[in-house]
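The values are calculated or read from the model by the stated rules, or taken from the named source; none is laboratory data. This one's a predicted model, so the numbers in the text were calculated from it and none came from an experiment. Ideal geometry is used to build each Cβ from the backbone, glycine not excepted, and the neighbour counts take in all protein chains shown. For accessibility, only protein heavy atoms count, side chains too; no ligands or nucleic acids. Shrake-Rupley method; radii C 1.70, N 1.55, O 1.52, S 1.80 Å.
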Amino acid sequence: MTTSPLNSTYPLLDTINDPADLRKLDRRDLPMLAKELRNYIVEAVATTGGHFSSNLGTVELTIALHYVFNTPEDRLVWDVGHQTYGHKILTGRKTGMSKLRQKGGIAGFPRREESIYDTFGTAHSSTSISAALGMAVASRLSGCPRKAVAIIGDGAITGGMAFEAMNNVGRENIIVILNDNDMSISESIGALNNYFAKLMSGRFYATTKKTAERILSATPTFKEIAKRVEEHAKGMISPSIMFEEFGFNYVGPIDGHNVDVLVDTLSNIRKLDGPQFLHVVTKKGQGYKLAEDDPIQYHAAAGRFDPKIGFVKAASAPDAKPKPSYTQIFGDWLCDMAAADKRLVGITPAMREGSGMVKFSQMFPDRYFDVAIAEQHAVTFAAGLAADGIKPVLAIYSTFLQRGYDQLIHDVAIQNLPVVFALDRGGLVGADGPTHHGAFDISYLRCIPNMTVMTPSNEDECRQMLYTAFCTDSPTAVRYPRGTGPGVVLQKEMTALPIGKGLVVREIKGFESAMKKNRIAILAFGSMVKPTTDAGDELNATVANMRFVKPIDKELIFKLATTHDYLVTVEENVIMGGAGSAVLESLQAQGLNLPVLQLGLPDIFVEHGDPSVLLADCGLNKDGVIKSVRDWLAREESKQPAQKTAS
C-alpha cells in the first residue's frame, strides 16, 4: 500500500496504486472513492497550486473510465489535459502530487514520458479526437483489439480541429466523450434520461435500430417517420442530430457525477462497434462550493491556499501600490485606445480573463469578439476586419499564435493588413511547462515579410509600443512576458515610438581609460533588459535596449560594433533564428566581423517550474549573464596569444 503524502486519511484511495487495483473494488464503493479523490485533489492543489475547478468536475468520469476500460491497453486521450489530476492520482502518481508542476515534479498535463497511462501529451485544445482516431486506425491495422477514447470538453469541442477529426472518423472504432461543463444539470438530466441513455447504448437498441433501418430502407417515407420518432424519443431537435451526421451513434446527455450511470453506459458503449459519442454533463468545481459558485476564478490556483477559506488575495503593505502585470497594462491600454478610436475592436480566442479583456468586454461589448478556441479563425477574422478599414487587436498567447501561423502569413502578412497582435506570455511562463512557454515567437515572427516585432522592456514601454503598433499601417506584434515588470511609472499620454530604433541604457564608465579588450556591449531584448543592465553594472559593459526585433536597429548595431571589441545578445527566446540571429545578420550585411555571444533559451523544451528558477537554469538572470560573459571572455582571450604566434 502507498500512503498519501498529505495530511488526511483516504482508506479506499490509499489501496489504489494503479487502475488494476481500482477495478478490484466493489461498484458500491465507487461513490465513496469519488468523495475521497475529490477531497484529495482539493488538498493537493491547496498545497501546490494548479488547475482546480476543471479537475473537480471530472472525478466520477475519471473513475468510471478506468473502472470500465482496460487501461493502459485501452487508450484514454484527454483533451487540453488540465482536468487529469484525478487520472494521475489513480495511475500511480499519488505521491507525486506533492510536487505538482514544480521543477523535478510531475507535470500539470499528460506527458507520455511520465506514465504509460498518459497515451498522448496534451495541453492545447481540440486535439484529442484526431489523436484517438489515429490510435483507433493503428489498432485496426495492427490487429490489436483495444479501444481508443477521446475525452473532450471545456470549450475544446468548439475548435475547428475537433470537427475536422469527426469528419474523418468513417466507421473506425473510436469513442468520443463530450465533457459538457457549461450546462447545468437540470430535470432533463434525471433518472428517466439516464435510463434511456443506458438503453440506447445497449446492444438491444443498436441491433433493433440496424434491423429497422434495413427493413425501412426500401420505403423512404416510413424510414423518415421512423427517424423522426427516434429523434422525438431523444428529445426532438437535440445535439444528437449534428453528431449523428458525422456518423456517430450519439448517447446522452447523462449525469457526469453519477458514477453508477457512467459505469453502466460506458460498459454498454465499450461493446459497440463503430464511432460512439457520449455526451456527459458535469459541473466545474463539483463538490467544492466556492469553485461551484465561481468556476472561472477557481479555474486555477496560483499558489497555496486554505481549503476552508478559498482563494485570498495576498496582503500588501498599507502604502504599497501593487505593480500591474503586463496583461493588466494591455487591458487598460485597450480600453483607452478604444475610447479614442472607434475603429478598434478586440478579439480573443476564448482567453478573456487570461488576456486582460474583462473590462474591455464590459465597456465595449459591441466591439469585443470571443471567437472560442479557434486561433486560425481568430487571425483570419482579424484580417477580414482590417481589409475593410477596422483596426483589430488580437490578444493571444505566444504559444497559441503558433496554431494560426498559416493564417498569419497568408491572410495577414502577404496582404500587409494592419492587425495588431498583443502577444502575451512571451518567454518562460513557469508551472504550465513546455506546452505553454512562449519560446519561439521571435523566431517565427521575424522571418515573415511586412511584420514589425517589438519587445518592451518595462510597463510604460509596453503601453507605448501597443500605441505604436496601432498607429502602424502594417502587421505588428508586441511581445510581452507573463507577470509584472520592473515597476516603471506609466505615462497616461501615448506617444508613437520611432520604428526600428533602440537606445543605449548604460554606458561604460571610464571608457577612454578602459583596456580595449574589456569593451563589451550587450544588446538586450524585452524582458532581458533589466537583468542585463544589472549585469552590465558589474561587468562595466555598455547595455542597449534594442526595443525592436524587426526592423532591427542597424545603425545602433554598427555604432556598438565599431566602438567595442565584443558583442553579447540576450533574449528570452530560443537562440536559433531569434533576435541574436538578427544581430548577426546585420553585422554580416554591414561587413563587420567581431566575436558575438548569443544568450537565450537552449535548443530543448524547457521543463515546468518556477519562472525565476527556470531563467536561472538557462543563464538568463543577472548572475547567469555575468557568468556566461566572463566565461566566454576568458575563452576568447585565451585564443589571442595563439593567434598572434600563428601570424
(message) From the protein chains alone at 1.4 Å, what is the descending order of accessible area for LEU12, LEU37, largest first?
(response) LEU12, LEU37
(message) Take the residue pairs LYS391/LYS550; LYS103/LYS550; LYS391/LYS530; LYS509/LYS550; LYS103/LYS289; LYS283/LYS391 and return only those whose Cα atoms are more than 28 Å apart.
(response) LYS103/LYS550; LYS391/LYS530; LYS509/LYS550; LYS103/LYS289; LYS283/LYS391
(message) Under a crude label model (7 Å from the Cα following the beta-carbon direction), how far is LEU584 from LEU141 in nanometres?
(response) 3.8 nm
(message) How much accessible area per residue does the range 260-393 have, counting only protein heavy atoms and a probe of 1.4 Å, in square angstrom?
(response) 49 Å²
(request) Round to a whole angstrom and tell me the spacing of the C-alpha centers of the range 545-563 and the range 259-284. (result) 60 Å
(request) With runs of 4+ DSSP H residues as the only contributors, calculate the mean residue ellipticity of the chain at 222 nm using -39,500 (n - 2.57) per run, divided by the residue total and rounded to the nearest 500. (result) -11500 deg cm²/dmol
(request) Roll a 1.4 Å probe over the protein heavy atoms and report the accessible area of ARG101 in Å², nearest 10. (result) 40 Å²
(message) Can you tell me how the range 405-465 classifies by the Cα gyration tensor, rounded, prolate or oblate, using a/c under 1.5 as the rounded cut?
(response) oblate
(message) Considering only C-alpha atoms, what is the centroid distance from the range 369-384 to the range 432-505, in Å?
(response) 21 Å
(request) Take the solvent-accessible surface of the protein heavy atoms, probe 1.4 Å, and return the percent of it on the chain that carbon and sulfur atoms account for. (result) 55 percent
(request) Give the accessible area for GLU538 in Å² (nearest 10); use a 1.4 Å probe, count only protein heavy atoms, and leave out ligands, DNA and RNA. (result) 100 Å²
(message) Please identify the DSSP H helices in the chain that span no less than 24 Å along the helix axis (Cα) and have a mean Kyte-Doolittle hydropathy of -0.5 or more.
(response) 30-48
(message) Applying a 10 Å radius around every beta-carbon, put 272-278, 391-397 in order of their mean neighbour count, most first.
(response) 391-397, 272-278
(request) Rank LEU466, GLY427, LEU408 by how far each Cα sits towards the positive end of the charge dipole of the range 377-502 (+1 on Lys, Arg Cβ; -1 on Asp, Glu Cβ) and give me just the farthest. (result) GLY427
(request) With a/c under 1.5 counting as rounded, go ahead and sort the range 77-149 into rounded, prolate or oblate using the C-alpha gyration tensor (a ≥ b ≥ c being the square roots of the eigenvalues; past the cut-off, prolate if a/b is larger than b/c, else oblate). (result) prolate
(message) If you count only protein heavy atoms with a 1.4 Å probe, what accessible area per residue comes out for the range 1-154, rounded to a whole Å²?
(response) 34 Å²
(request) Could you pull out the pairs from LYS35/LYS321; LYS24/LYS99; LYS99/LYS284 whose alpha carbons sit more than 32 Å apart here? (result) LYS35/LYS321
(request) Looking at the chain, send over the antiparallel percent of its DSSP beta bridges, to the nearest 5. (result) 15 percent
(request) Could you state the accessible area per residue of the range 587-642 in Å², with a 1.4 Å probe and every protein chain left in place? (result) 55 Å²
(request) With +1 on each Lys and Arg Cβ and -1 on each Asp and Glu Cβ, and nothing else charged, work out how big the dipole of the chain is about its Cα centre, in Debye to the nearest 20. (result) 640 debye
(request) Taking the dipole about the Cα centre of the range 40-190, with the C-beta of Lys and Arg at +1 and of Asp and Glu at -1, give me whichever of ILE157, THR47, ILE63 is farthest to the positive side. (result) THR47
(request) Can you tell me the FRET efficiency between LYS323 and MET494 if r is taken as the Cβ-Cβ distance and R0 is 22 Å, rounded to the nearest 0.05? (result) 0.65
(message) Counting C-alpha atoms alone, how compact is the range 317-445: give Rg to one decimal and Dmax as a whole number, in angstrom.
(response) 15.1, 52
(message) With 25 Å as the cut-off, how large is the P(r) tail for the range 449-554, expressed as percent of Cα-Cα pairs?
(response) 26 percent
(request) Counting only C-alpha contacts under 8 Å and six or more residues apart, can you give the relative contact order of the chain as a whole percent? (result) 11 percent
(request) When you have a sec, figure out the Kirkwood radius of the range 485-614 from all distinct Cα pair distances and drop it here in Å to one decimal? (result) 15.7 Å
